[in-house]
1. Residue by residue through segment 23-28, which ³J(HN,Hα) values in whole Hz follow from phi under the Karplus form 6.51 cos²θ - 1.76 cosθ + 1.60 (θ = phi - 60°), with glycine and proline marked x?
2. For Val65 and Phe6 in the same chain, what is the full-extension length gain: residue separation times 0.36 nm, less their Cα-Cα distance, in nm?
3. Give the Cα extents of segment 6-136 along the principal axes, in whole Å, largest first.
4. Could you state the number of Å between the C-alpha centres of segment 124-138 and segment 69-105?
5. So if R0 is 25 Å, what FRET efficiency would Gln19 and Ala85 give, r being the distance between their Cβ atoms, rounded to the nearest 0.05?
6. For a footprinting-style exposure proxy, rank Lys96, Lys108 by other Cβ within 10 Å, fewest first.
Amino acid sequence: MWPATFADRLQSWYSMRQQCCTLPVELALTDINCWWSMTPWQPYYLHWDDQPAWPDPWQLLNDNVYCDLARALGILYTITLLDRADLTDAVLVLTKDGDNLVLVDQSKYILNWNPDTIVNTNPAIEYRRQMTQSQITQ
C-alpha cells in the first residue's frame, strides 16, 4: 500500500534506498522498480518539454502525482542517490513508442516497463530523448 502522508512516503523511500545499498544489482533494481510502481498513477503530470521545471525527488514525493514519466524520474533519482559504483550509467529515455523507461548497465536492465519485474535483456530500443545520471545531478 502506498504511504498516505509525505512523511510516510519519505520514510518508506529512505528505507527502500537503505535496503538497496547492500543488495545485488538485479535485486536492488527490482525493489526500486516495484516500489515506484506502487505509486498512484495519474496521466500527464510531467512532460519532456518542461524538463527544466521538473521536481526534485523530495518535491516529487510531496506532490504525490505520478504519470509514467514521473515514475521513471523517481526511479532515476533513486538509483542516482544510491551512489553505487555498479549503478552509474542509468539513463531515463523517451522511446519512439512513447514509453518512459530507465535503462541500466548499457540497457541490460529496463525499469518502468513492467511493474513487478525488470526486463533483463538488451533489446534495440530507439529513443527520442534521454537524461543521464550526470545530467540529473547538475
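We did not get these values from a lab; they are worked out from the coordinates using the rules stated. Nothing here was measured: the structure is a model prediction, and the numbers come from that model. No Cβ is skipped: glycine too gets one built from the backbone with ideal geometry, and neighbour counts run over all protein chains shown.
1. Karplus-based 3J(HN,Hα) across segment 23-28 equals 7, x, 3, 4, 5, 4 Hz.
2. Taking Val65 through Phe6 to full extension adds about 20.1 nm, to one decimal.
3. For segment 6-136, the Cα spread along each principal axis is 39, 34, 27 Å.
4. That distance is 8 Å.
5. The calculated FRET efficiency here is 0.90.
6. Lys96, Lys108
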